[in-house]
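Below is one structure, written out as structure tokens; the observations come after it.
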Amino acid sequence: MRESWHEFFADSPDVLKTERCGQTVVPVRDFLIGADEFIIMAGPCSVETEAQLLATACHVRGSGARVLRGGAFKPRSSPYAFQGLGLQGLKLLARARQETGLAIVTEVMSEDDVPMVADYADILQIGSRNMENFSLLEAAARSGRPILLKRGMVATIADFLRSAQCVLANGNPNVILCERGIRTFETATRNTFDVAAIALLKQISHLPVIADPSHAAGRRQLVPALARIAVAAEADGLLVEVHPHPDTAWSDGDQTLDLPSFDAMLASLKPLIALRAPRQPQSLPERLELLEAVG
Ligand code: PEP
Ligand code: MN
């Protein structure tokens, strides 16, 4: 670890690797994020109906996913777009977990909703638009649930790490970083997938890094290639939008894979996943030391 990165990211000391500090491993149900297994999180952009969610969940479970994604509270750019099913959506996610054993990741948008969402979710997602909502980060951290922190669409890596530091500083060491593309002058894709951020984060931080090729690309045809690039950049897993009928999805259909395309993408990832270097997880004393540091 070069001393200069510690200076560059001096505001976020606890998220940076040190000589003595191994990879953070986040335990969720019966698996680990940040360890040797490449973790697939998949599901629709929004929870729509029981049939839609269960069909997706059963399929992705059969294909090897560990986590079901699905938004019950949706941060939409237009106030007239579908805003999510709210509590009813959370209940459908819990039902899908019961049926499949998949863990649930879902977004929490408001500080007031944290206790309710934490009751249903295994992992709380903080969306791109809320990455710097520090009161939400604090409340989410204090729920004790692992936090999937999405990079703000105009956040630098230093901004991103400051938000992760905020979660750690509020007593929660279980942070998963998620690169989902950033705004640039390019408009042909929804965002610009910042693959260098993944490679850099893996070098400087001990936190697991997940890639979201769906929101990065905005177009489903690009998702498998970006997913393969994410594996090569050393990501610890993927967050991917999948739907039985993407063209009728209530949100983000253009970037959503159908079930056969999801399977084809996973098949194409297999040889790359086999080439990944083994992770060096934190030992118990290291983990205890980190917990002490974050208070
Ligand atoms: C999502 O994952 O559903 C989402 C809204 O993503 P982002 O916050 O990255 O836009
Ligand atoms: Mn989406």
Quick test for you: out of 101, 43, 84, pick the one residue that is on the phi > 0 side of the Ramachandran plot, modelled with pLDDT of 95 or more and more than 16 Å from ligand 2 (Cβ to nearest atom). 101
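To keep it simple, each residue is scored yes or no on (1) touching a residue at least 24 places away in the same chain (Cβ under 8 Å); (2) out of contact with any helix residue (DSSP H, G or I) (no Cβ under 7 Å at 6 or more places or on another chain); (3) within 16 Å of ligand 2 (Cβ to nearest atom).
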site	(1), (2), (3)
106	yes, no, yes
114	yes, no, no
118	yes, yes, no
122	yes, yes, no
132	yes, no, no
147	yes, no, no
152	yes, no, yes
159	yes, yes, no
164	yes, no, no
Taking the stretch 157-182, which residues are assigned to a helix (DSSP H, G or I), more than 13 Å from residue 124 (Cβ to Cβ) and either β-branched (Val, Ile, Thr) or open to solvent by 10 Å² or more (accessible area, probe 1.4 Å) (or both)? 157, 158, 159, 162, 165, 166, 169
Name the residues in the stretch 54-78 that are open to solvent by 20 Å² or more (accessible area, probe 1.4 Å), touching a strand residue (DSSP E or B) at 6+ places or on another chain (Cβ under 9 Å) and more than 13 Å from ligand 1 (Cβ to nearest atom), would you? 59, 61, 63, 64, 66
Are there helices (runs of 4 or more DSSP H) fully within the stretch 185-295 with at least 2 residues that are within 17 Å of the chain's Cα centre (by Cα) and within 15 Å of ligand 1 (Cβ to nearest atom)? List them. 195-204, 213-217, 223-232
Those residues that are open to solvent by 10 Å² or more (accessible area, probe 1.4 Å) and farther than 12 Å from residue 65 by Cβ, I need them from the stretch 87-103; list them, please. 87, 88, 91, 92, 94, 95, 97, 98, 99
Which numbered condition trips up residue 19, out of (1) within 20 Å of residue 165 (Cβ to Cβ); (2) buried (at least 18 other Cβ atoms within 10 Å of the Cβ); (3) out of contact with any strand residue (DSSP E or B) (no Cβ under 9 Å at 6 or more places or on another chain)? (2)
Evaluate the following for residue 197: is it touching a Pro at 6+ places or on another chain (Cβ under 7 Å), away from ligand 2 (no atom under 16 Å from the Cβ), closer than 26 Å to residue 276 by Cβ and open to solvent by less than 10 Å² (accessible area, probe 1.4 Å)? no
Any residue in the stretch 232-255 that is under 24 Å from residue 273 (Cβ atoms) sitting within a Cβ distance under 9 Å of a residue that is at pLDDT below 95 and of a type in the set (Gly, Ala, Ser)? List the pairs, counting only those 6 or more apart or interchain. 234/277
Where a residue in the stretch 24-53 is closer than 20 Å to residue 70 by Cβ and away from ligand 1 (no atom under 16 Å from the Cβ) and its partner, wherever it lies, is among the small types (Gly, Ala, Ser) and modelled with pLDDT of 95 or more, with Cβ under 6 Å and at least six apart: 26/34; 28/103; 29/103
From the list 140, 217, pick out the single residue that is at pLDDT 95 or above and either within 23 Å of residue 113 (Cα to Cα) or open to solvent by 30 Å² or more (accessible area, probe 1.4 Å) (or both). 140
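The values are calculated or read from the model by the stated rules, or taken from the named source; none is laboratory data. Note that this is a predicted model, so its numbers are computed, not measured. Neighbour counts are summed over all protein chains in view; Cβ atoms, including those assigned to glycine, are modelled from backbone coordinates with ideal geometry. Calculation scope for accessible area: heavy atoms of the full protein, side chains included, ligands and nucleic acids excluded. Shrake-Rupley method; radii C 1.70, N 1.55, O 1.52, S 1.80 Å.
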